[in-house]
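Student: Below is the structure I would like to discuss, written out as C-alpha cells.
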Amino acid sequence: MDIKFDLNGQSVSADVEPRTTLADCIRNNFGQTGTHLACEHGVCGACTVLVNGEAVRSCLMLAVQVQGDQVVTVEGLSGDELTPLQAAFRKHHALQCGFCTPGFITTAHALLSHEPGADEERIRDVLSGNLCRCTGYVPIVEAVLEARESYRGSGSK
Amino acid sequence: MKSFNSYIGRPMERVEDLRMVRGRGTYVADVNRPNQLYAVILRSSVAHGIIRSIDSSEALALPGVRRVLTAKDLGSKVPVIPLRLQPLPQLEPFHQPVLADEKVRYVGEPVALVIADSAAIAEDALERIVLDIEPLPAVANRSQAEAKRAVLFEEHGSNVAITWSAFRGNADEAFKTADYVRRETFKVQRHAAMFMEPRGFVAEWDEAAGKLTVWGAAKTAWHNRRTLAAQLGLALEAVDLIEVDVGGGFGSRGEFYPEDYLIPAAARIVGRPVKWTEDRREHIMSANHARDVECDVEFAVSRDGRFIGLRGQIWADIGAYIRTNGSVGPRNVAQFMSGPYCIEHIDLKSSMLTTNKTPCGTYRGPGRYETDFIRERMIDLAAQDLKIDRVELRRRNLVADAQMPYPLASITPYDSSTELDSGDYHAVFDRCLKEFGWDERTRLRGQLIDGYYHGLAIGSFIEGGAAGPKEEARLVLETDGALSVYIGSSSVGQGLETIMAQIAADAMEMSYDKITIRHGSTSYVKDGYGAYHSRSTVMGGSAILLAADKLKDLIRKTAGARLGCKAEQVVIDGEQASFGGEHLAFAGLSGVPLEVEAEFFNKKYTWAYGTQAAHVAVDPGTGHVKVIDFISVEDVGRMINPLTLHGQAIGSIVQGLGGAFLEHLVYDDEGQLLTGSFADYLMPTASDFPNIRSITVELKPCPNNPLGAKGAGEGGLIPVGGVMANAVADALSHLNVQPMELPLSPPRLWQLVEQAETARSAD
Amino acid sequence: MKPPIFEYASPSTVAEAVALLASKDGNAKVISGGQSLMPMLAFRLATPELLVDLKHLKNLDAISIGEDGVRLGAKVRWCDIESDARLAVSHPLLAEAIKHVAHYQIRNRGTVGGSVAHADPSAEMPGIAMTCGARMTIVGSAGARIEAAADFFTGPLQTSLQPDEILTEVHLPPWPAARRWAFLEFARRKGDFAMAGIALHYDLDGAGRIVDAHVGAIGVADRPIRLAAVEAMLNGNRLDDRLIAAASAKARQSVDPPSDIHAPGAYRAALVATLLARGLKKSAV
C-alpha cells in the first residue's frame, strides 16, 4: 500500500505491506535507526515515537495507520547540539548501553512537553512503560527532573 | 612520573552518549549490507524428542524463500560449541551441536534456518516447515533428573554431568565437634540477563578474497573468531569479527551460541550477506539462562559466634547442554560460599544436572548471587538460634585486614585457586551501618505501620574481577598528534570508550579529546580477551599503561634523533617532546604514525568487597514488599570514573532486586517454557525501586595491577537476594516467616504468612 | 516476530466497516488503537485476512455526560478519560479504575471499545462495565442492538460480538452524587494486568443502610464478574467492621480463580477478600 506521512518534518512516502509495523517502516524504509526494537510486543518502550505529538509504541502501530500523520523519532528532536533533555541524560549518566535510551528520550520529551511540572512520582509512573536493564532508573529520573526547567514556558500544551 | 592530567577519578561525561542520546548509535540491527538476505530460525517446540523428519518443500515453494538449512546441510559432522572456560574433556559429550541433529533437548533449540528476502517472509516460511518430532519424556527439574525420568545423553547414563568439589580444612572433623550446626535447603529460581538489545549478526562472505566478515561480535570476539574459523576450516586471518554498539551483555551476550556459527555459515553457503536479528520471544528461549540452583547445606558455628564450617550438596540445573561458560555458576556457588567471612572448613559439592531446558551460562555475579543468598540466610538463622546480634555476628567473622591475602576454598576438577587480595572489610561494614542509620532504624523492626511490617537486614560480599590471562593494547600516535588506542577489551555498554580514554590521557599526559578508543574488533589487535569477570578496566587499562610507557620511549627516541640528544634526555610534557629549550609537538613529530603494542598479564583476581543494608516493608495481605531504603558501600581499590561506576552499582542492585522479587523463567513439568514474553517475564520498572543508594570508597588499592583498580560492576547485585530475604524475615519475625526460596513473589510471601499463621493458631 | 500477511482497509462509515467485516466470513478483525491486537499479530496468535481500521469513523470518540449517565464512544482513549475533569464527579469509579490501565504510551492509543471487545478477564474497563451494569451498543449487518454487560462477556477473551459487528458505545448508568465507591487492584508492577481487583459502589438510604450494592471482581474468573452473594450481604445493612469482615470472607468463598504461572488460585481468592475489605473501608471515608 502507498502511504504518505510526515517524518521528522519531512514529507515521506513509501509502498509497504499492510503488515509492516510503523517501527519497521521507520527503520527499514527511511533508515531512521534510532527507533529501537527490543520486544516487538508492546512492553519495553524502546520503539517509542511521537505521533501527532503523543508518545506511542511504534511496534504496536501499523505503518498504514499513520497515513497523513506527523511522526517524530529521536532523530527529529535535536540537531547537532544536544537538547537540554539529552544533555541531562548525559550529565546524570542516565544511559549505559544506550539501547533503550531513544525510547526514554521520546517518552520523557512527550511528557515534559505536555506536563512540564510533572513531579517525581508522575515521571516514574510514566517512565514505567519503558524498560531499562542497565541503569536501575535512578539516574534517568534525575535527568528528567532536571530537564523540566527547559520545558517550562514552552507552551506546547 | 609527573602527572599533569587527572582524568582518572573524575566523573567524566561519556563520549558514547553524544551519539546514543540522539539515536545515532549503530547497533547490529542497524547494520545493512548491499544485497543482503534475512535469516530466521526454526526452533523446537518440543522439550525432548527424536527428529523423525523435516519437510521444507512447502516453505521453499513460497516466493522470496531462498534456502532452508538443516543439520544435514552442515556436512558429515554437525559442528559443536566448544567450552571457553573450564574446557574439561569429560564435558565434551554435553557440547551443543549448532543445529539439532537426531535429537532435540530443549524448547527453543535451533532445528533449521530459513533464508529469505525479508524477515517477514522467512517467518511465513517457518510456519510451512513440517517438523516431525517423536516426543520423549522430558526432564524439567531436579527430581525428574535424579529419578531419570529420561536421560538426556544416553551414552553418559546419568543426568549428572559433573560434580565440582570445593574444599578447605577438614569439614567432617570440624562438624563433629561444633557447638552448633544448622541444616537447611534453599532454592534460587532460574532467571536471566535479559539485556535490552536482542542478539544479531550480519555476515558477509567475500568469495574472491576468501574472507568472512561478521558484524555483531560482543564480549569475546577473539575467542569466537578462533572457534568460528576452526569450525569453518578457515585461517584466523580470513575471519573478521566486528563489534558495533552493544545493547547490554551482563555475561550472557557475546558467548558463542549456535547462531554465531549458523549466520556466517549461511552467508558462505548462499553467497550473499545474511542478516539475523533475534526477536524477544526467541531470545528468552535461546540466550543463556542462569541461577537455577538448589542446595542442602549445613553451617557450623561455635557457641561464641565463630563461623567454623560449611558442608553440603548443591544442584545446579544447567539445562540441555553445557555451553561456553556453563560451569562457572555451579563452580562459583561452591567455591565462594564463604564470601568475605573466615570459614576454615569447607566441603561443598556442586553437581551440574542436565535437563530439557535452555542451557545456562553466566549472568552478572554468576553463582555469587545464589551463594550469597544461601550464606546470608544461614548467618541470620544462626544469629537467631544462637541469640547473637546478627550485625555483631557478621563483624566477628569478616576477614581482617591482617589476614590478607586470605585463600578461598580450592576447587576440583578444574583448579582455580584464588585468594582475597586486600581490604578493610570491617571499615566498609561500619561505614554501611552508619550511612544507613542502622541504630536509629532498629526501633522499626517488626513494627506494623499503615498495614506494612518493617524489617532490616545487612549483608557483606566479595566481587571477583580481572580474570587473566592477559589483555592487549596497541597505541598509535598519529602524525597529526592524535592518539588512537586499540584494545582487546570489549564494550557491552559500560562506557569503555570513556574510561579507557581517561586512563590513556593520564598515562600519555594528553588531552582527553585527542584520544580515540577502538575496541572489540578482531582486526585491532592480535589477540584480545574481552569483557567478562569484571575485567575490562583492570586488564585493558593496565595494558594501556604498559603500552603508554613504550610509546613514550618511542617518542623520546624519535624526538631525540631530531633534537640531537639522547632519548633519555627528552622531556615529554604537554603533548610535546622537549630538550634544551627546543620543543617538538606531537603533531608532526614524525612523518609516519608511531606505533607500539603491549600486553598485560595477570594471574591474580582482584577482590572488591562491600556491605549492603536494606529497610523493607511487607504487606501481609498482598505479599507486596516495598524497599524503603537500600544502601551499598563498596571498595573498588581505585575509581577511574565515579559517574559510570556509580551507575554500574545502582543498575546492578536493581537487577538483583529483579531477581529477588520479580524475575522467573517458569517451566512446566514437560519442559515447556511458560514465560516467553515480557508480559510474563517481569523485570523492574521505574516505579518499582526508587530508593537505592550507592557509595564507593577507595580504601585498599589492588596490589596486583599498576592501576590499583579492582573489577567492579557485578558487586551491587551479588548479596541482594540474601539481604532482601533477611529483611523480609525480619519484618515478619513475629510469625517466624523464613523464606528459603527466591523470588520473594507476592504469592510466595502470602503463602508463607498463611502457613505461619496456621501453624501459630495450631499451637 | 513479524505479523502475518493481511489486507487493510480504513472505511469512513460504520456501515462500510460492517460490510467489510461481513465480507470475510469471520476472518476480518477490527483494529483501532491496536494495543491488544498488535501483540497477538506479532506472536501470530491472530491471523486475520483483513483488518478494518476505525481510524476514519466519525463520532465514536466522544465522552458524553448527561442525566442518563456516561456514554463512552468506542474510540475514546484512556488518555481522554484521564484528562476529562468532569468524570471526577460524573463517574469517579471509572476515572479511578482507568488510572490503572497499562502505561503512558498505551494510554495514548488504547481504546474503551478495544478493551471491552478484547474482554481480558483482568482488564479494568470490562470490570467497570460489568460492575456498573453497562449497556453496549453494537452495530452489525442486521442493524444496531444493545446488550447488557452481563450478557456481553461470555468467556475468556470472548464476547457476544458477532464477526460482522462493531461495538460503538459503552453506556454507564447515571451516578448519584452521594454514591459510595472504591476501586482497588493489585498487580506485580505498576501498569501490569491485575492479579485481582475489585470495583464496588453502593448508595445509602436515609438510615445509613447500604442499598443497591454493586461489587465486581477482575482477574479471578474467565471474565469480569459480579459477586452477588457479597452484594446481598451488604444490602440493607450498615457498614461496620463486622460486616466488612463477613463480606470479605464471603468474597473469598464466592470465587474460584484458576491457578497460573503468576499465582495459585487460592492467592487470588485471598487477594479479592483483602482488596474488598480495604475497598469497603475506603468507601466509608
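Student: Looking at B:Thr177, B:Thr227, which one is polar (S, T, N, Q) and buried (at least 18 other Cβ atoms within 10 Å of the Cβ)? I'd like the intermediate steps shown before the answer.
Tutor: Working: B:Thr177 fails: buried (at least 18 other Cβ atoms within 10 Å of the Cβ).
After ruling out the rest, the residue left standing is B:Thr227.
Student: Grab the strands (runs of 3 or more DSSP E) fully contained in the range A:1-115, keeping just those with 1 or more residues being surrounded by 24 or more Cβ atoms within 10 Å (Cβ to Cβ) and either of a type in the set (Lys, Arg) or assigned by TED's automatic domain parsing to the domain that holds A:Val141 (or both). I'd like the intermediate steps shown before the answer.
Tutor: Values: elements: A:2-7, A:10-15, A:48-51, A:54-57, A:70-72.
Per the criteria, A:54-57.
Student: Let me ask something additional. Looking at B:Asp372, B:Asp317, B:Asp296, which one is more than 16 Å from B:Gly721 (Cα to Cα), acidic (Asp, Glu) and either under 23 Å from the mean Cα position of the chain (by Cα) or assigned to a helix (DSSP H, G or I) (or both)? Reasoning before the result, please.
Tutor: Details: B:Asp372 fails: more than 16 Å from B:Gly721 (Cα to Cα); B:Asp296 fails: either under 23 Å from the mean Cα position of the chain (by Cα) or assigned to a helix (DSSP H, G or I) (or both).
Exactly one of B:Asp372, B:Asp317, B:Asp296 is more than 16 Å from B:Gly721 (Cα to Cα), acidic (Asp, Glu) and either under 23 Å from the mean Cα position of the chain (by Cα) or assigned to a helix (DSSP H, G or I) (or both), namely B:Asp317.
Student: For the range C:119-135, state whether one or more residues are surrounded by fewer than 17 Cβ atoms within 10 Å (Cβ to Cβ) and over 25 Å from C:Leu276 (Cβ atoms). So that I can check it myself, show each step before the final result.
Tutor: First, pick out the residues of the range C:119-135 that are surrounded by fewer than 17 Cβ atoms within 10 Å (Cβ to Cβ): C:133.
From what is left, the residues that are over 25 Å from C:Leu276 (Cβ atoms) are none.
No, the range C:119-135 contains no residue that is surrounded by fewer than 17 Cβ atoms within 10 Å (Cβ to Cβ) and over 25 Å from C:Leu276 (Cβ atoms).
Student: Here is a check on your reading of the model: is B:Gly671 within 14 Å of chain A (Cβ to nearest Cβ) and either in a helix (DSSP H, G or I) or over 24 Å from the mean Cα position of the chain (by Cα) (or both)? Spell out how you get there, then give the answer.
Tutor: Details: within 14 Å of chain A (Cβ to nearest Cβ): no; either in a helix (DSSP H, G or I) or over 24 Å from the mean Cα position of the chain (by Cα) (or both): yes.
In short, no.
Student: Is there a residue being basic (Lys, Arg), in contact with a Gly (Cβ under 8 Å, 6 or more places away or on another chain), in contact (Cβ under 8 Å) with a residue 40 or more places away in the chain and over 30 Å from B:Thr516 (Cβ atoms) anywhere in the range B:98-106?
Tutor: Step one: list which residues in the range B:98-106 are basic (Lys, Arg), which gives B:103, B:105.
From what is left, the residues that are in contact with a Gly (Cβ under 8 Å, 6 or more places away or on another chain) are B:103.
Okay, now just the ones that are also in contact (Cβ under 8 Å) with a residue 40 or more places away in the chain, so B:103.
From what's left, over 30 Å from B:Thr516 (Cβ atoms): B:103.
Within the range B:98-106 (the criterion being basic (Lys, Arg), in contact with a Gly (Cβ under 8 Å, 6 or more places away or on another chain), in contact (Cβ under 8 Å) with a residue 40 or more places away in the chain and over 30 Å from B:Thr516 (Cβ atoms)), the answer is yes, since at least one residue qualifies.
Student: Hey, another quick one. Picking from B:Gly451, B:Gly465, which residue would you name as being surrounded by fewer than 24 Cβ atoms within 10 Å (Cβ to Cβ) and either touching a strand residue (DSSP E or B) at 6+ places or on another chain (Cβ under 9 Å) or free of Cβ contacts under 8 Å to residues at least 60 places away in the same chain (or both)?
Tutor: Values: B:Gly465 fails: surrounded by fewer than 24 Cβ atoms within 10 Å (Cβ to Cβ).
Testing whether each residue is surrounded by fewer than 24 Cβ atoms within 10 Å (Cβ to Cβ) and either touching a strand residue (DSSP E or B) at 6+ places or on another chain (Cβ under 9 Å) or free of Cβ contacts under 8 Å to residues at least 60 places away in the same chain (or both) leaves just B:Gly451.
Student: Filter the range A:120-136 down to the residues that are more than 12 Å from chain C (Cβ to nearest Cβ) and crowded, with 24+ Cβ neighbours inside 10 Å, then identify the one that is nearest to the chain's Cα centre (by Cα). It would help to see each step written out before you state the result.
Tutor: Within the range A:120-136, the subset more than 12 Å from chain C (Cβ to nearest Cβ) is A:120, A:132-136.
Going one step further and asking which of them are crowded, with 24+ Cβ neighbours inside 10 Å, we end up with A:132-136.
Numbers: A:Cys132: 14, A:Arg133: 17, A:Cys134: 18, A:Thr135: 18, A:Gly136: 19 Å.
Once the filter is applied, the top-ranked residue is A:Cys132.
Student: Right, something else. Could you tell me whether the range C:100-121 includes any residue that is without any contact (Cβ under 8 Å) to a residue 24 or more places away in the chain and either at positive phi or not small (Gly, Ala, Ser) (or both)? Don't jump to the end; show me each part of the working.
Tutor: So in the range C:100-121, the residues without any contact (Cβ under 8 Å) to a residue 24 or more places away in the chain come out as C:104-105.
From what is left, the residues that are either at positive phi or not small (Gly, Ala, Ser) (or both) are C:104-105.
Yes; the residues of the range C:100-121 include at least one that is without any contact (Cβ under 8 Å) to a residue 24 or more places away in the chain and either at positive phi or not small (Gly, Ala, Ser) (or both).
Student: In the range B:1-83, which strands (runs of 3 or more DSSP E) lie fully inside it and hold 1 or more residues that are among the β-branched types (Val, Ile, Thr), more than 14 Å from chain A (Cβ to nearest Cβ) and within 23 Å of B:Pro273 (Cα to Cα)? Explain how you work it out, then say what you get.
Tutor: Values: elements: B:37-43, B:49-55, B:65-70.
Passing ranges, in order: B:37-43, B:65-70.
Student: Contact list please: Cβ distance under 7 Å, first residue in the range B:661-682 and over 25 Å from B:Pro137 (Cβ atoms), second residue among the aromatic types (Phe, Trp, Tyr) and surrounded by 17 or more Cβ atoms within 10 Å (Cβ to Cβ), pairs at least six apart or on different chains.
Tutor: Pairs that qualify, where the first residue is over 25 Å from B:Pro137 (Cβ atoms) and the partner is among the aromatic types (Phe, Trp, Tyr) and surrounded by 17 or more Cβ atoms within 10 Å (Cβ to Cβ), are B:Glu663/B:Tyr681.
Student: OK, next. Would you list the strands (runs of 3 or more DSSP E) that sit entirely within the range B:172-235 and hold 3 or more residues that are within 14 Å of another protein chain (Cβ to nearest Cβ) and not hydroxyl-bearing (Ser, Thr, Tyr)?
Tutor: Values: elements: B:180-191, B:200-206, B:211-215.
Because the criterion is at least 3 residues that are within 14 Å of another protein chain (Cβ to nearest Cβ) and not hydroxyl-bearing (Ser, Thr, Tyr), the strands (runs of 3 or more DSSP E) in the range B:172-235 that meet it are B:180-191.
Student: Of the residues B:Ile499, B:Ile487, B:Ile544, B:Ile503, which is surrounded by 24 or more Cβ atoms within 10 Å (Cβ to Cβ), over 23 Å from B:Met194 (Cα atoms) and in contact with a His (Cβ under 7 Å, 6 or more places away or on another chain)?
Tutor: Numbers: B:Ile499 fails: in contact with a His (Cβ under 7 Å, 6 or more places away or on another chain); B:Ile544 fails: in contact with a His (Cβ under 7 Å, 6 or more places away or on another chain); B:Ile503 fails: in contact with a His (Cβ under 7 Å, 6 or more places away or on another chain).
Just one listed residue meets the conditions, B:Ile487.
Student: Could you tell me which residue of the range A:66-90 is nearest to the chain's Cα centre (by Cα), considering only residues that are more than 8 Å from chain B (Cβ to nearest Cβ) and modelled with pLDDT under 95?
Tutor: A:Gly79
Student: Criterion first (farther than 30 Å from B:Ala547 by Cβ, surrounded by 24 or more Cβ atoms within 10 Å (Cβ to Cβ) and either within 14 Å of chain C (Cβ to nearest Cβ) or out of contact with any strand residue (DSSP E or B) (no Cβ under 9 Å at 6 or more places or on another chain) (or both)) does B:Leu742 satisfy it?
Tutor: Numbers: farther than 30 Å from B:Ala547 by Cβ: yes; surrounded by 24 or more Cβ atoms within 10 Å (Cβ to Cβ): yes; either within 14 Å of chain C (Cβ to nearest Cβ) or out of contact with any strand residue (DSSP E or B) (no Cβ under 9 Å at 6 or more places or on another chain) (or both): no.
So B:Leu742 does not fit the description; no.
Student: Using the structure shown, decide if C:Val70 is at pLDDT 95 or above, more than 19 Å from the chain's Cα centre (by Cα), β-branched (Val, Ile, Thr) and buried (at least 23 other Cβ atoms within 10 Å of the Cβ).
Tutor: On the way: at pLDDT 95 or above: yes; more than 19 Å from the chain's Cα centre (by Cα): no; β-branched (Val, Ile, Thr): yes; buried (at least 23 other Cβ atoms within 10 Å of the Cβ): yes.
No.
Student: Considering only the range B:463-510, state which residues are at positive phi and under 18 Å from the mean Cα position of the chain (by Cα). So that I can check it myself, show each step before the final result.
Tutor: Taking the range B:463-510 as the starting set, the residues that turn out to be at positive phi are B:466, B:481, B:493, B:495, B:509.
Scanning the range B:463-510 gives B:Ala466, B:Gly493, B:Gly495.
Student: Name the single residue, out of those in the range C:95-114 being away from every other protein chain (no Cβ under 14 Å) and over 22 Å from C:Tyr202 (Cα atoms), that is surrounded by the most Cβ atoms within 10 Å (Cβ to Cβ). Steps first, please.
Tutor: Narrowing the range C:95-114 to residues away from every other protein chain (no Cβ under 14 Å): C:95-97, C:112-113.
Still in the running and over 22 Å from C:Tyr202 (Cα atoms): C:112-113.
Values: C:Val112: 29, C:Gly113: 26.
The residue in question is C:Val112.
Student: Please state which one of C:Leu72, C:Leu60 is in contact with a Gly (Cβ under 6 Å, 6 or more places away or on another chain) and either in a helix (DSSP H, G or I) or in contact (Cβ under 8 Å) with a residue 40 or more places away in the chain (or both). Can you show your working first?
Tutor: Values: C:Leu72 fails: in contact with a Gly (Cβ under 6 Å, 6 or more places away or on another chain).
Step by step, each of C:Leu72, C:Leu60 is checked, and only C:Leu60 is in contact with a Gly (Cβ under 6 Å, 6 or more places away or on another chain) and either in a helix (DSSP H, G or I) or in contact (Cβ under 8 Å) with a residue 40 or more places away in the chain (or both).
Student: Here is a check on your reading of the model: is B:Ser76 in contact with a helix residue (DSSP H, G or I) (Cβ under 9 Å, 6 or more places away or on another chain), among the polar types (S, T, N, Q) and within 30 Å of B:Phe153 (Cα to Cα)? I'd like the intermediate steps shown before the answer.
Tutor: Details: in contact with a helix residue (DSSP H, G or I) (Cβ under 9 Å, 6 or more places away or on another chain): no; among the polar types (S, T, N, Q): yes; within 30 Å of B:Phe153 (Cα to Cα): yes.
Spelling it out, it is not the case that B:Ser76 is in contact with a helix residue (DSSP H, G or I) (Cβ under 9 Å, 6 or more places away or on another chain), among the polar types (S, T, N, Q) and within 30 Å of B:Phe153 (Cα to Cα).
Student: Any idea how many residues of the range B:574-629 are within 14 Å of chain C (Cβ to nearest Cβ), under 30 Å from B:Pro340 (Cβ atoms) and among the β-branched types (Val, Ile, Thr)?
Tutor: The number of residues fulfilling the criteria is 3.
Student: Please go through the range B:689-732 and pick out each residue that is in a loop (DSSP other than H, G, I, E, B) and of a type in the set (Gly, Ala, Ser). Full working, then the answer.
Tutor: Step one: of the range B:689-732, the residues in a loop (DSSP other than H, G, I, E, B) are B:689-692, B:698-714, B:718-719, B:732.
Of everything in the range B:689-732, those that are in a loop (DSSP other than H, G, I, E, B) and of a type in the set (Gly, Ala, Ser) turn out to be B:Gly708, B:Ala709, B:Gly711, B:Ala712, B:Gly713.
Student: Do we find a residue being crowded, with 16+ Cβ neighbours inside 10 Å and farther than 30 Å from C:Ile261 by Cβ anywhere in the range C:144-160?
Tutor: yes
Student: While we're on this one: Those residues that are touching a helix residue (DSSP H, G or I) at 6+ places or on another chain (Cβ under 6 Å), more than 16 Å from B:Leu554 (Cβ to Cβ) and in a loop (DSSP other than H, G, I, E, B), I need them from the range B:578-629; list them, please.
Tutor: Correct list: B:Pro620, B:Gly621, B:Thr622, B:Gly623.
Student: Another question, if that's okay. Could you check, for the range B:635-648, whether at least one of its residues is among the aliphatic types (A, V, I, L, M), assigned to a helix (DSSP H, G or I) and within 14 Å of another protein chain (Cβ to nearest Cβ)? Spell out how you get there, then give the answer.
Tutor: Going through the range B:635-648, the residues among the aliphatic types (A, V, I, L, M) turn out to be B:636, B:639-640, B:643, B:645.
With assigned to a helix (DSSP H, G or I) added as a condition, the list becomes B:643, B:645.
Checking the rest, the ones that are also within 14 Å of another protein chain (Cβ to nearest Cβ) come to B:643, B:645.
Looking for residues that are among the aliphatic types (A, V, I, L, M), assigned to a helix (DSSP H, G or I) and within 14 Å of another protein chain (Cβ to nearest Cβ), one finds at least one in the range B:635-648, hence yes.
Student: Taking the residues in the range A:137-157 that are farther than 22 Å from B:Gln648 by Cα and among the charged types (D, E, K, R) as candidates, determine which candidate is nearest to the other protein chains (Cβ to nearest Cβ). Before the answer, list the steps.
Tutor: We begin by selecting, within the range A:137-157, every residue farther than 22 Å from B:Gln648 by Cα; these are A:147-157.
Filter again for among the charged types (D, E, K, R), leaving A:148-149, A:152, A:157.
Numbers: A:Arg148: 16, A:Glu149: 18, A:Arg152: 20, A:Lys157: 11 Å.
Of everything passing the filter in the range A:137-157, A:Lys157 is nearest to the other protein chains (Cβ to nearest Cβ).
Student: Here's a check for you: in the range A:91-119, which residue that is under 21 Å from B:Phe630 (Cα atoms) and more than 8 Å from chain B (Cβ to nearest Cβ) is farthest from the chain's Cα centre (by Cα)?
Tutor: A:His92
The values are calculated or read from the model by the stated rules, or taken from the named source; none is laboratory data. Computed from a predicted structure; not experimentally measured. We place every Cβ from the backbone using ideal geometry, glycine too, and count neighbours over all the protein chains shown.
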